[in-house]
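Data first, discussion second: the structure below is written as structure tokens.
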Amino acid sequence: MLSPPSVSAYRLLGAVGATLLAVAGCGAGALPERGALWWTSLRHLDRPALLCGYAGLTLLTVAWWWAGSDLRRPAAGTAVGHPRFPGVPSAQLGNPWSGRTDRRGAAITLACWAGPLLLAPPLFSRDAYSYLAQGAMVLADLDVYQFGVAHLGGRLAAEVPQMWQHTPAPYGPVFLVLAAGVSALTGGHLALGVLALRVVALAGVALLVANLPRLARHGGVDPAAALWLGVLNPLVPLHLVAGAHNEAVMLGLLVVGLRLAVARRFAAATVLVTLAALVKVPALLGLLVVGALAVRRVGVRVAVARVAGVAVATGTAVTWATGIGYGWIGALGAPAYRHSWSISTALGRVARRSTEALGLDLGAAPMRAGVALGLLGVLAAAGAVWRYRHRLGPAYAVSLVLLAVALLGPATRPWYALWGLVLLAAAAPPGRARHVAALGAAVLAFVTLPSGFGPDAGQLLLATAGVLAGLVAVAVLRLLTPPPRLALAVPR
């Protein structure tokens, strides 16, 4: 087992970082336009708060990386190597290959790192305000797939950025029912509404903690390594918890569904994955994993018929029961709005500015061309994955396609990377892919300001100074802390 001082140390370091970030959010977070209890207490100190927030973010990320270093170090008395992957340490965040201890240890670590963020204002995005406003629209019997939150008006709608005021909801009826329940429960109270959304997100994260190790074992992956990369990475406490994003529910349902699929409970798996897609549509790709596993048992025709039939029946029944309608299918184009940012829309903007410099006005054509190139990139990635699907396995293959969609689609946000990262954590063997994914998660943790808006030059300088301050603090702590003594197991 890992030495308790090491585990306690990185848990404490991450908790300190998260606390700094939570306090900084009161000055530099996605604050409401009007005062809301303690949230706006440091609004006048937004610049120092930004520096403090990035220092805390650095401590949290270093704590996560430290946990990963301990994970890769062989534990005292532990065999160095797993039978599927010789030479790879099997040390866990607890007792090696114990399952229950892994989940408990990960849950405790995540509680230390995410707990301080629960009462902070929304961080890195204002989407939580949009969720509450869209839930209120459902309660008011307004069509969220035809109108934006401007049609609702009032306090909640005023907190949504102007660029998204007239954008229909791109979410499925399952999430909108949850959002409506939160709005009804909290009565439009902003702080209570955000807290309730975080409780819903925590339920999704709890499903990840409980089920990801079982999915990892099926693929021969170290369960603790899957938890470290898929659940404890900084994007989870920063965006799924602090940002209260609906990806938490989507991914929780998706992983439960895939865990049922590897247990050969294909009908239940199809229902859960379909429910995940009715939160957010990228989860629909999970049906490919269910189908691929079912094919091995019952053949192609029967598997396709059963999975498709159950998925359609589930979607129809849920849509009828919620009464929200099928408008979400047509509203899926909402993220392609001209204010969205991604690699493909960046190409479109470059093309537009280039043509304007030449005196040409092509309207929306350059942006559409950039988005089309991004979609072609997704198709190319899907084609490559299909070619090597037998070597990769269904879950790993789908994780790579989801990452391609997140990076090359018409809209990209740091938390979108979790679409593929969670499945990759449970399916990818040790090697370059896991290293690149871990490095990518660490980098993405820093690319968005706590306010959710883009930085100006001064904010960029303060953020850089905050990162340096965090690194200096870690270096000083390392110099002041004596190295732990290694306990050697004496064979009997």
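One table, with the values for the structure above:
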item: Kirkwood Rh, angstrom, the range 342-410 [1 / mean 1/r, Cα pairs]; result: 13.0
item: Overall Cα dimensions of the range 121-235 - principal axes, largest extent first, Å; result: 51, 27, 26
item: Computed [θ] at 222 nm, deg cm²/dmol, the chain (DSSP H ≥ 4; -39,500 (n - 2.57); rounded to nearest 500); result: -20500 deg cm²/dmol
item: Three principal axis lengths of the chain [C-alpha, angstrom, descending]; result: 74, 63, 54
item: For G286, net neighbour charge (Lys/Arg +1, Asp/Glu -1) across residues whose Cβ lies under 12 Å away; result: +2
item: Per principal axis, descending, Cα span of the range 95-165 in whole Å; result: 54, 23, 19
item: Convex hull (Cα only) mean projected area of the range 204-350, reported in nm² to one decimal; result: 10.8
item: Lys, Arg +1 and Asp, Glu -1 on Cβ, resulting dipole of the chain about Cα centre, debye, nearest 20; result: 1760
item: Under the span-like rule (Cα at least 24 Å along the axis, Kyte-Doolittle mean at least 0.0), DSSP H helices of the chain; result: 4-28, 46-72, 190-218, 300-322, 365-387, 457-480
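All of the numbers you see were taken from the coordinates with simple rules; none came from a lab. Just so it is clear, the structure is predicted and the values come from calculations on it, not from any experiment. Every residue, glycine among them, receives a Cβ derived from its backbone with ideal geometry; neighbour counts consider all protein chains shown.
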